[in-house]
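For reference, the structure is listed below as structure tokens.
The values are calculated or read from the model by the stated rules, or taken from the named source; none is laboratory data. As the structure is a computational prediction, the values presented were derived from the model and not from experiment. Neighbour counts run over all protein chains shown; Cβ positions are idealised from the backbone, glycine included. Surface areas here come from the heavy atoms of the whole protein model, side chains and all, with no ligands, DNA or RNA. Shrake-Rupley method; radii C 1.70, N 1.55, O 1.52, S 1.80 Å.
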Amino acid sequence: ELRAFTRELPLAGMEHGTPHFFKVALETPDGWSDWSNIVACVPPQPELPGKCAAVFPVVKDDTTACIRWTKPIDYAAAAHCGEIRRYKVLVTWPEGERELEWEGDLDSAEVPGLDCLTDYRFQVAAENVTGWGEWSDPSPVLQMPPPVPPKLQMPTLRRATHHTAVIQWQHPPSSGVPVDSFRFRWTTAPGFPPGGAASPDVYELEDVPPNASQYTISGLAPGHTYIFQVRALNRFGQGIWSNSSIPIKTADGREPGKVQNLSAPNVYKSFITLRWSPASPNGHEVTRHVLRCATTPDLEGAQEIEPVVVRKNDMDTCDLRHLQKVTHYFQVAAFNSVGPSPWSDPLCVDLRVVHQLEDA
């Protein structure tokens, strides 16, 4: 008995070459109808499976292709235990070919062990109880891609200063093709504009050593928010850019830091030399210095001048000449585009003591 909505019924496992007879009756609220007229059917002799349609291949990874096909018509399905038993795939390339087999009634499979930059074609055939069907038409050419590095995870940023930030990233999984270098790019835009490094809003750093996993990016502008991306390169090419990092803001620029370590290493009868550690620029270049001098410790009525400052051995120096032979008190301040630094601690130099110029 079948359900009321059944209109057709596939039958399998019938003996081929033998007549089979069928008739049908319907059940209504009033009972069963009379049997229909008898129809006869002779299951045909089992035949080979039909020809598959052309295979559709796609790249799965550097050495593996995924192939798909439409199942063929199985001309032995009416036979006892009639079903597609196996599939085989013929893989061809300019220098050779090979076959692979899979058990079961499938419509897709993976083909491993393929070489990069090689053109492959694929054909498939099916087997049933009577044997193997014919090969499908060759698939379109599939060229396996070069094993460029995979897309990396987004980098992380830390320790942002006025002009620098430390970037960290994870290396790609180990493979037979080593990484030659890494490359970074960054921008202050919400996202990376088209044009890549050709865009004035995008900056790139190339040739980062392959054994590094963190790097200090310099040349950033103070008080700006940046996003970064990273990618790896090998001898076959470069991977695609990673996703953008979490935005990071550099420190806001301000006036220079206080001048430290003010001293007078040279005090002679004709001149003195003042020396101090360079003031921290705090995001903006130090453009000038102002020196003030007085004869009292409170520097009341001090005179201010803009000395000629020379950098020597990582210290800032200036020479002062024709000073009165009295006790002097000095302070130095540095200036940038934001403003002046605090005055340094006072330095006392007593010129009442006669100093002799040292022998050369």
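Some points to look at:
- Output for segment 139-154, where each listed residue is part of a loop (DSSP other than H, G, I, E, B), open to solvent by 70 Å² or more (accessible area, probe 1.4 Å) and not β-branched (Val, Ile, Thr): Pro140, Lys151, Gln153, Met154
- Selection of segment 296-322 for residues being open to solvent by 40 Å² or more (accessible area, probe 1.4 Å) and of a type outside the set (D, E, K, R) yields Thr296, Pro297, Gly301, Gln303, Ile305, Val308, Val309, Val310, Asn313, Met315, His322.
- Cβ separations smaller than 7 Å between residues 6+ apart or across chains give the following pairs from segment 89-100 residues that are without any contact (Cβ under 8 Å) to a residue 40 or more places away in the chain to residues that are among the charged types (D, E, K, R) and in a strand (DSSP E or B): Val89/Glu99; Val91/Glu97; Val91/Arg98; Trp93/Asp119; Pro94/Asp119; Glu99/Lys88; Leu100/Lys88.
- Leading residue by the ranking (nearest to Val259 (Cα to Cα)) among those in segment 270-289 that are outside any loop (DSSP other than H, G, I, E, B), of a type outside the set (Lys, Arg) and open to solvent by 10 Å² or more (accessible area, probe 1.4 Å): Ser277
- Looking only at residues in segment 228-252 that are crowded, with 19+ Cβ neighbours inside 10 Å and among the aliphatic types (A, V, I, L, M), the one that is nearest to the chain's Cα centre (by Cα) is Val230.
- Cβ pairs under 9 Å, 6+ apart, first in segment 257-284 and closer than 16 Å to Ser337 by Cα, second open to solvent by 30 Å² or more (accessible area, probe 1.4 Å) and among the aromatic types (Phe, Trp, Tyr): Lys258/Trp343
- Ser263 vs. criteria among the polar types (S, T, N, Q) and closer than 30 Å to Arg231 by Cβ: no
- Tally of residues being touching a residue at least 40 places away in the same chain (Cβ under 8 Å) and open to solvent by 100 Å² or more (accessible area, probe 1.4 Å) across segment 1-30: 1
- Within segment 214-260, being touching a Gly at 6+ places or on another chain (Cβ under 7 Å) and of a type in the set (A, V, I, L, M) holds for Ala232, Ala251.
- Criterion (touching a strand residue (DSSP E or B) at 6+ places or on another chain (Cβ under 6 Å) and more than 30 Å from Ala65 (Cα to Cα)) met by exactly one of Ala221, Ala232, Ala125, Ala160: Ala160
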